[in-house]
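Chemist: I'd like to ask some things about the structure below.
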Amino acid sequence: MSAIEKNKVIVNDFVVRFANVNGTGSASANYLFTKAIFRMGVFVTPKNIFPSNIQGLPTWYEVRVNEKGYLGRREGIDLMVAVNPQSFAKDVASVRPGGYFMYDSSKKLHPEYIRPDINYLPIPLMQMSNDAFTDPRQRQLFKNIIYVGALTALLDIEFSAIEGLLADQFKGKEKLIAPNIKALQLGVDFVHKNFTYPLNFRVEKRDLLKDWIMMEGNAACGLGAVYAGATVAAWYPITPSTSVVEAFSEYAAEMRVDEKTGKNNFAIVQAEDELAAIGMVIGANWNGARSFTATSGPGVSLMNEFLGLAYFAEIPTVLIDVQRTGPSTGMPTRTQQSDIMEAAYASHGDTKHILLFPSTPKECFEMTAEAFDLAEQLQTPVIMMTDLDLGMNDHVCPPLVWDDKREYKRGKVLDAEALEKIAKFGRYLDVDGDGIPYRTLPGTHPTKGSYFTRGTSRDEYAVYTEDSGAYQRNMDRLIKKWHTAQNIVPAPHLYQDKNKHKNGLIFFGTSTYSSEEAMDILKEEGIFVDALRLKSFPFNKTVVDFIDQHEKVFVIEQNRDGQLKSLLMIELQANPQKLISVLNYDGMPITADNILNQIKKSLSLSTPTVKAN
Amino acid sequence: MTYVKPKFRHPELPKNKLGYSVDYYEGALSTLCAGCGHDSISAAVVQTCFEMNIEPHRLAKLSGIGCSSKTPAYFLSNSHGFNSVHGRMPSVATGANLANKDLIYFGVSGDGDTASIGMGQFVHVIRRNLNMIYIVMNNGCYGLTKGQDSATADEGSKNKTGHVNLFEGIDLSSLAIELGATFVAQSFSGDKDQLIPLIKAAIKHPGFAFINVISPCVTFNNNVGSTKSYDYVREHVEATATIDFVPEMTEIITSYEEGSLKTVKMHDGSSIELHKLAKDWDPLDKISAMNAIQHAKQKHEILTGLLYMNPETTELHKLLNTSDRALNSLKKKELCPGSKALVDINAGLR
């Protein structure tokens, strides 16, 4: 082993990356590692970097451990756990100088992978597993558990935390615990015998997380839909959104089956495609059930026509867009925030849609519930803009909260009694002056309230018309409704009571973690900025003021074209000279370093240079 | 043609059991071409619902896009209607039905709307056995875009411009049977006597009920050489046809003499009388139905009547084991697990 820096011990601040072959059971072993750190009360952020494949290709799992609560990705790998010879070249290269490379030494490491500036931790994982276990599948699986055991010793992870997790995991199948413990112990013993441990970076137990939970955003969206009272879910499988409806299905099976009859108070249909999925959602919402679908960019593309119908015919619609790297099929298992423009203006003609930008699983839960309220109040599509990073990675966040006093906001729906009191029902009449008309549900009243829903132009009484005046009145009312929406969608979060600095940051969704971290580092370096986190579209006056009150506004987002910046320019007529894009579009979650570099570069470039004349 | 529908009705129009006269079941004035087969089908729907004592507001009309899909505006104005997007009515109907199982879902589509752009949804709504009536007003052409061939146009059929269709026509009825539909019928827009009992049976059928109605396009596909013209259809239906009334540019109404007659018990105990069936035809037998369709095809005949039916059918709600109550009637109490359940969920995530 080459030189280990022994001079400085780093506690709770490092990155471990696992390099595995997908389909070999590594995911559960790696999860065990993350969850153990979580249970030790320390902030931990895992990122799955997986292929669009089921078995045999390289897959990585990166875990950042952090004491300060920074939950974004960090560049620079302190310890690489390399179990996949296919990716050794890349894996060796990605370790920071002075970092560690743990590998399966059952086979000799090729000399080309020897770097003088990093440390090697050879463990004959396969050999040890083969010696200890006989079943071929077990040999494969426990190879992973052995390295988890080794890591507990190297990083000072409490063995009891892992034991507790195994006990939870195998509740009812207790006989599986012993071989797991055996494998873990093999790893521990090997480290004790062969290496200096713990390493100079390690975990120390803390109580930083209090009552926090660890959850995937997609599961939180699915649960949010259950709490919001969604009864009809229609969907078409697409990564990375699939687990939204899977979670809805699991939670509904637990909590939405009538105890007396054994029947489901929900219906889930796997549609033939995304077009049918959104069609079903629109049909169900039209008929008074709360209904939603989840998809990703390619699905949103397919849903465009129907979204236009829902906008124009004014039908509540909830769509959860778990964004992935586009365009086209793009990188289907990588993250991006690149459906902003497509979602904001989905469909032909003059259309615009409500967007929500959650940034944590807790917000996924809350905003999904809110999406149903907004969709029904505004009678229009509401699109949740989450992404692969938020949806499919575990995130630590405060616990989910539900107020039992909260009532569903079902919007302006006339029942039979209300219809009796009305002389003439006009589906598209702006009775209240807020642009939101009243609707009726099929089957309500024998003689009153029926109307013909259509995507073609109609008058205030839902009668087909090609009269220009009637068409234009309707389009103007839809804009009035849009202005009403501005004041009821979730307001942006301002990081300061009053905007006071020259420069500001705007960010949203999963760019939040790294943006906040970048702000802290800037502050440490004496560069002060104001910040605003967007939670929704349309934008309200707070956003207008924020841009007005700053000389420069850095718009941080994860796409190539600065889509949110464009939206700010289009919708708020924000001065393009003021808005500076800070972008990341390589498919990996944005890092604080990346943000810092771009901001600093821009600030130094704009510093006026004094020229001698 | 007048654009104001006369409101006057004979004061002594007969009333049905609900106390409604037939005009209560009508819709807005049709804007389709005079003589369009679709208007006859609309009239049959009105008559059917009147005779069946259906509360119009307990029925929802759904359609896609095209001439046929306009027709829900022309019947049952006291029903909610949904003119959705091209070829996508089945998905909207599926969602609507899932939300409230207690209404009748009446879908109207055309041959373009179903056999081309909507083929995927047509296929899958059958597969799911959605409890609905699905009528295709089939004229073999795209009327609203001025007469292009549709996918149900027969190979060799000539349209108004003299263009001969090169491609095999899709037989929606055979396809529906193949896909597992448990009620498949075929009729002719001019044959109201047959169409009304078929629609009645379709409404009663507790699953997906498909009726393919040949409905000639008087404007673009009623020429010599077309296999969907009034003349051709009249000459090629299996039974003898008599023409009631054929003034130029008015609706053509055809009525058949009684042919062979068979009674099939419906699931709810009512029955349907079937006309013009081939001798060795058992509408309850899928293979016999498929054979008869193929034989008729060989002879260039257009079969009408109930082609296939299985009264024992399991519709989507049963397959999904949904609540006996309409999902759209469930309240927060039944839907929201509340903060208490969240305590356990949070605990499970630590």
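The values are calculated or read from the model by the stated rules, or taken from the named source; none is laboratory data. Please read these numbers as outputs of a predicted model, since none were measured by experiment. Positions of Cβ are backbone-derived with ideal geometry, glycine not excepted, and every protein chain shown enters the neighbour counts.
Chemist: Just wondering, is there one or more residues in region A:474-489 that are small (G, A, S) and touching a residue at least 60 places away in the same chain (Cβ under 8 Å)?
Modeler: Kept after step one, since they are small (G, A, S), are these residues of region A:474-489: A:485.
Then drop every residue that is not touching a residue at least 60 places away in the same chain (Cβ under 8 Å), which leaves A:485.
Within region A:474-489, one or more residues are small (G, A, S) and touching a residue at least 60 places away in the same chain (Cβ under 8 Å).
Chemist: Which ones in region A:392-426 are over 18 Å from A:E363 (Cα atoms), of a type in the set (K, R) and within 37 Å of the chain's Cα centre (by Cα)?
Modeler: Within region A:392-426, A:K405, A:K409, A:R410, A:K412 qualify.
Chemist: So, one more: Which pairs do you get when a residue that is more than 7 Å from every other protein chain (Cβ to nearest Cβ), found in region B:54-73, comes within reach of a residue that is assigned to a helix (DSSP H, G or I) and among the polar types (S, T, N, Q), reach meaning Cβ atoms under 8 angstrom, with the pair 6+ apart or on two chains?
Modeler: Listed pairs, sorted by first residue: B:S63/B:S69; B:S63/B:T71; B:G64/B:T114; B:T71/B:S42.
Chemist: Something else now. Do any residues in region A:416-432 that are within 16 Å of A:D476 (Cβ to Cβ) and at pLDDT below 95 have Cβ atoms under 7 Å from those of residues that are acidic (D, E) and surrounded by 12 or more Cβ atoms within 10 Å (Cβ to Cβ), where the two are at least six apart or on different chains, and which pairs are they?
Modeler: Note: no pairs meet the criteria.
Chemist: Which of the residues belonging to region B:307-323 are hydrophobic (A, V, I, L, M, F, W, C) and within 14 Å of chain A (Cβ to nearest Cβ)?
Modeler: If the condition is that a residue be hydrophobic (A, V, I, L, M, F, W, C) and within 14 Å of chain A (Cβ to nearest Cβ), then B:L316, B:L319, B:L320 are the ones that fit.
Chemist: Which residues, taken from region A:453-469, are closer than 22 Å to A:W286 by Cβ and away from chain B (no Cβ under 14 Å)?
Modeler: A:E460
Residue-by-condition table, conditions (1) out of contact with any Gly (no Cβ under 8 Å at 6 or more places or on another chain); (2) surrounded by fewer than 21 Cβ atoms within 10 Å (Cβ to Cβ):
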| position | (1), (2) |
| --- | --- |
| B:Y105 | yes, no |
| B:G112 | no, no |
| B:S116 | no, yes |
| B:H124 | yes, yes |
| B:M137 | no, no |
| B:C141 | no, no |
| B:T145 | yes, yes |
| B:S150 | no, no |
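Chemist: What residue, among those in region B:74-89 that are within 8 Å of another protein chain (Cβ to nearest Cβ) and over 17 Å from B:G120 (Cβ atoms), is surrounded by the most Cβ atoms within 10 Å (Cβ to Cβ)?
Modeler: That would be B:F82.
Chemist: I need every pair where a residue in region B:180-206 that is more than 19 Å from B:G140 (Cα to Cα) has its Cβ under 9 Å from the Cβ of a residue that is acidic (D, E) and assigned to a strand (DSSP E or B), sequence separation at least 6 or different chains.
Modeler: Listed by first residue and then by second, the contacts come to B:P197/B:E273.
Chemist: Right, next: Could you please give the count of residues in region A:339-352 that are surrounded by fewer than 24 Cβ atoms within 10 Å (Cβ to Cβ) and assigned to a loop (DSSP other than H, G, I, E, B)? Give the derivation first.
Modeler: In the first step, residues of region A:339-352 are kept if they are surrounded by fewer than 24 Cβ atoms within 10 Å (Cβ to Cβ); the result is A:341-342, A:344-345, A:347-352.
Of the ones still in play, those that are also assigned to a loop (DSSP other than H, G, I, E, B) are A:345, A:347-352.
Residues that pass the stated criteria total 7.
Chemist: Give the residues of region A:311-331 that are more than 23 Å from A:E376 (Cβ to Cβ) and surrounded by 19 or more Cβ atoms within 10 Å (Cβ to Cβ), sorted by residue number.
Modeler: Hits for region A:311-331 are A:Q323, A:R324, A:T325, A:G326.
Chemist: I'd like to verify a number: residues in region A:470-503 that are of a type in the set (G, A, S) and part of a helix (DSSP H, G or I), how many?
Modeler: Here the count works out to 2.
Chemist: In region B:28-43, which residue that is under 19 Å from the mean Cα position of the chain (by Cα) and aliphatic (A, V, I, L, M) is nearest to B:Y230 (Cα to Cα)?
Modeler: Among those that are under 19 Å from the mean Cα position of the chain (by Cα) and aliphatic (A, V, I, L, M), it is B:I41.
Chemist: Right, here's the next one. Identify the residue in region A:405-445 that is within 26 Å of A:I488 (Cα to Cα) and of a type in the set (S, T, Y) and, among all such residues, is surrounded by the most Cβ atoms within 10 Å (Cβ to Cβ).
Modeler: Across region A:405-445, the extreme among qualifying residues is A:T440.
Chemist: Hand me the list of helices (runs of 4 or more DSSP H) wholly inside region B:71-136 holding 3 or more residues that are over 14 Å from the mean Cα position of the chain (by Cα).
Modeler: B:89-99, B:119-127
Chemist: Separate question: Picking from B:A326, B:A341, which residue would you name as being within 30 Å of A:P316 (Cα to Cα), more than 8 Å from every other protein chain (Cβ to nearest Cβ), surrounded by 17 or more Cβ atoms within 10 Å (Cβ to Cβ) and over 22 Å from the mean Cα position of the chain (by Cα)?
Modeler: The conditions single out B:A326.
Chemist: Report whether or not B:K101 is within 12 Å of another protein chain (Cβ to nearest Cβ), within 20 Å of A:T444 (Cβ to Cβ) and in contact (Cβ under 8 Å) with a residue 60 or more places away in the chain.
Modeler: yes
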